[in-house]
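The values are calculated or read from the model by the stated rules, or taken from the named source; none is laboratory data. Nothing here was measured: the structure is a model prediction, and the numbers come from that model. Positions of Cβ are generated from backbone atoms using ideal geometry, with glycine treated the same way; all protein chains shown enter the neighbour counts.
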């Protein structure tokens, strides 16, 4: 391994300003400090991209394989200086970047503070081997994530067709009547969210639940059922709440209104997340799809309070008017989509295991504790 200065390893560059009001929906991801925060019709950089947080949240490193727009809240690698991009990505994941905070109020990573840091990096052939080993786990994870997206689209299509377009089984024989939300099938009701859902407020007690994983909505892609990973229970210092498998988690603060997940297991999350459980005759899958729908997200956006950080209050959210189908149709929907959600849960749990295994190997490989010099590993065809 070679001991060099960080500035001789890579060059980091501040991202580009792009206010939400100027973001035009397109195919190119806008990469923020912890995740993709939106999509734009223009891009600034060609792939591969390695990005980390510059302002707000520090320490999360992302790898992008398509043209992208690095947001001004991020730092992106402008010059890899001949190093393997995937190796750079994995190397940065081992650095305690959050410790280099130079902001008094908002956490800020000053790239200049890293330049004179002494680091040890591998020769190129070893970089390629390490990148090949670790990316194999990421490729399996991405394959599972792709399957989750397909299942997600299928479930949402059924929900949209049955409960938004009203083309449910037997709809041809149903009469439509007037309601305060427009025409609805006869036998359906207009209710409030609180009639079908309850907010859980089980506070996290460290002495009782130290083994519970932490789910941070910042790690979840926008409008996706794919969970990117659990953290450790000590990562959030503010108040936390406990959730159970099957609960719906809804981000109560913008920009996390579009971050909605059905929990694959028990865990804890930030108190700024609504942990919602279904009640009465409404199943958990119908409730989740309702919360996941664009109409509910739009309603939460319009009724949010606050200026700097808009937030929806549960006492407001629970008054949202919704259309509730007949009981037998709700039961049919639950049974129709159950297998898809069971598979989504399984794939998410598999991904969590893959990421955990990768993260156990990662520091050992990057530090040289595991020597790869004598490993016979064929060079993988990568984006680099």
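Would you point out the residue of region 90-111, among those that are part of a loop (DSSP other than H, G, I, E, B) and at pLDDT below 80, that is surrounded by the most Cβ atoms within 10 Å (Cβ to Cβ)?
By that ranking, first place goes to 107.
Here is a list of conditions, (1) at pLDDT below 95; (2) touching a strand residue (DSSP E or B) at 6+ places or on another chain (Cβ under 6 Å), and residue 121 meets all of them except one; can you say which number that is?
Single failed check for residue 121: (1).
Which ones in region 274-285 are surrounded by fewer than 23 Cβ atoms within 10 Å (Cβ to Cβ) and modelled with pLDDT of 85 or more? Reasoning before the result, please.
Looking only at region 274-285, we keep the residues that are surrounded by fewer than 23 Cβ atoms within 10 Å (Cβ to Cβ), and these are 275, 277-284.
Across region 274-285, the qualifying residues are 275, 277, 278, 279, 282, 283, 284.
Okay, residues lined up against (1) part of a helix (DSSP H, G or I); (2) modelled with pLDDT of 95 or more; (3) surrounded by 12 or more Cβ atoms within 10 Å (Cβ to Cβ); (4) at positive phi:
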residue: 145; (1), (2), (3), (4): yes, no, yes, no
residue: 149; (1), (2), (3), (4): yes, no, yes, no
residue: 159; (1), (2), (3), (4): yes, yes, yes, no
residue: 166; (1), (2), (3), (4): no, yes, yes, yes
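Of all helices (runs of 4 or more DSSP H) completely enclosed by region 244-361, which ones contain at least 1 residues that are over 19 Å from the mean Cα position of the chain (by Cα) and assigned by TED's automatic domain parsing to the domain that holds residue 90?
Passing ranges: none, list empty.
Out of 132, 179, report the one residue that is surrounded by 17 or more Cβ atoms within 10 Å (Cβ to Cβ) and at negative phi.
Within the list 132, 179, the selection yields 132.
Can you tell me how many residues in region 1-45 are free of Cβ contacts under 8 Å to residues at least 40 places away in the same chain and in a loop (DSSP other than H, G, I, E, B)?
So the answer is 10.
Looking at this structure, is residue 84 within 19 Å of residue 135 (Cβ to Cβ), buried (at least 20 other Cβ atoms within 10 Å of the Cβ) and in contact with a helix residue (DSSP H, G or I) (Cβ under 6 Å, 6 or more places away or on another chain)?
yes
With the condition kept exactly as written, say whether any residue in region 92-109 is in contact with a strand residue (DSSP E or B) (Cβ under 6 Å, 6 or more places away or on another chain) and without any contact (Cβ under 8 Å) to a residue 12 or more places away in the chain.
Yes: region 92-109 contains one or more residues that are in contact with a strand residue (DSSP E or B) (Cβ under 6 Å, 6 or more places away or on another chain) and without any contact (Cβ under 8 Å) to a residue 12 or more places away in the chain.
Take the residues in region 236-247 that are farther than 23 Å from residue 149 by Cβ and loosely packed, with under 13 Cβ neighbours inside 10 Å, then tell me which one is modelled with the lowest pLDDT.
The selected residue is 237.
Of all residues in region 112-138, how many are over 15 Å from residue 362 (Cα atoms) and part of a helix (DSSP H, G or I)?
4
Among all residue pairs at least 6 apart or on different chains, which show Cβ distances below 6 Å where the first residue, located in region 262-281, is within 18 Å of residue 344 (Cβ to Cβ) and the second is at pLDDT below 85 and surrounded by 16 or more Cβ atoms within 10 Å (Cβ to Cβ)?
267/212; 267/213; 267/215
Among the residues of region 291-305, how many are under 21 Å from residue 344 (Cα atoms) and touching a residue at least 40 places away in the same chain (Cβ under 8 Å)?
Here the count works out to 3.
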